[in-house]
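I have placed the structure first, in the form of structure tokens, so that the comments after it can refer back to it.
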Amino acid sequence: MAAVLRHDGPRLAAIARLAVRASEGPTLDLGIGYGYSSAALRVAGRKWIVGVEHPSRDLVRSPVWRRLVAELGLSPLLADVCSLPLRDASFSLVCAAEILEHVPPHRCQAFLRECRRVCAAGGLFVVTTPNFTRLANRLALLRGKSPLDLPVPRFGDTFGHLREYTEAELRALLESARFEVLQVACVSGHPAGSAFSPPSWVSALEWLLPHIGMARMAKHLVAGAVAG
């Protein structure tokens, strides 16, 4: 957790800054994983958070995961994010952090429609996703490697990165789901390195680029949108 927070702090801080703009009420955190986005929502003062994770993932049967969910005070729900067993317009804030890239492209619009359906009118939708035009992807293509994963399940019935999006594509997707886009920011992780990889010159450059006017090669897209 500490390593992820150190490296991914800018993205999580961006989530928190958007979340404080939402009205009071229940919060839905989709794809909670190990709770990083839920922790950011807690920092933003969100009190009642329903956390959704896919029932096929092994982590949901882990004592560590159950303890984490309890420590974060989440109300866990095991469900497919494209078919949520939740009432219409029941959340003032919906967060989908690092989920969109795992959704099969042909289900992407259904996923965003579900997010819009459960979001109250005037409610806030926060979404983060890897930036397809980031530096690491460009370098991977130059080496003849794909920045995406094979379309086969990796974690239970869920996938790796099947499709990543540009800033313009993310805006268009949100607007097609009847969200009014407030902002799409480009942010990168701290160059200290992540929990999964050591510091590198690539992560250092990705962190630097937004500071020198080259944000379109940053690591993540962070969008805030309002349900119309």
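FYI, it's all coordinate maths here, none of it is from the lab. These numbers come from a predicted model, not from an experiment. Note: ideal-geometry Cβ built from the backbone for every residue, glycine included; neighbour counts use all protein chains shown.
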Completion exercise
Taking a ≥ b ≥ c as the square roots of the eigenvalues of the Cα gyration tensor, with a/c under 1.5 meaning rounded and otherwise prolate when a/b exceeds b/c and oblate if not, region 39-137 is rounded
Fill in the blank from the handout: per DSSP, antiparallel bridges as share of beta bridges in region 31-184, % nearest 5, sits at 10 percent
Practice task
List the residues of region 59-84 whose backbone N lies under 17 Å from a point placed 7 Å from the Cα of His106 along the Cα-to-Cβ direction.
Solution key: 82-83
Completion exercise
Most exposed to least, judged by fewest other Cβ atoms within 10 Å, Phe179, Phe132 sort to Phe132, Phe179
Handout entry: Residue exposure sequence - Arg163, Arg46 - by fewest surrounding Cβ within 10 Å
Key = Arg163, Arg46
Practice task
Using just the helices of the chain, give the 222 nm mean residue ellipticity in deg cm²/dmol: DSSP H runs with n ≥ 4 each add -39,500 (n - 2.57), and the total is spread over all residues, rounded to 500.
Solution key: -9500 deg cm²/dmol
Completion exercise
Residues meeting the amide H criterion for Leu77 (H placed from the backbone, H to H distance under 5 Å, 5 or more places apart or on another chain) are Gly51, Val52, Glu53
Completion exercise
Taking only the alpha-carbon positions of region 101-184 as identical scatterers, the Debye log10 I(q)/I(0) at q = 0.12, 0.26 Å⁻¹ comes out as -0.42, -1.31
Practice task
First measure r as the distance between the Cβ atoms of Val181 and Ala204, then evaluate 1/(1 + (r/R0)^6) with R0 = 25 Å and state the FRET efficiency to the nearest 0.05.
Solution key: 0.25
Problem - Hypothetical label at Leu139: residues of region 199-217 whose amide nitrogen lies under 12 Å (7 Å Cα-Cβ projection) - result: 199-208
Exercise for the section: May I ask for the Rg/Rh ratio of the chain, computed from Cα atoms with Rh as the Kirkwood radius, given to two decimals? Expected result: 0.94
Fill in the blank from the handout: Length gained if Arg17 through Arg113 is fully extended, taking 0.36 nm per residue and subtracting the Cα-Cα distance, is 32.1 nm
Handout entry: Unit Cα scatterers, Debye sum, region 128-228: log10 I(q)/I(0) for q = 0.22 Å⁻¹
Key = -1.20
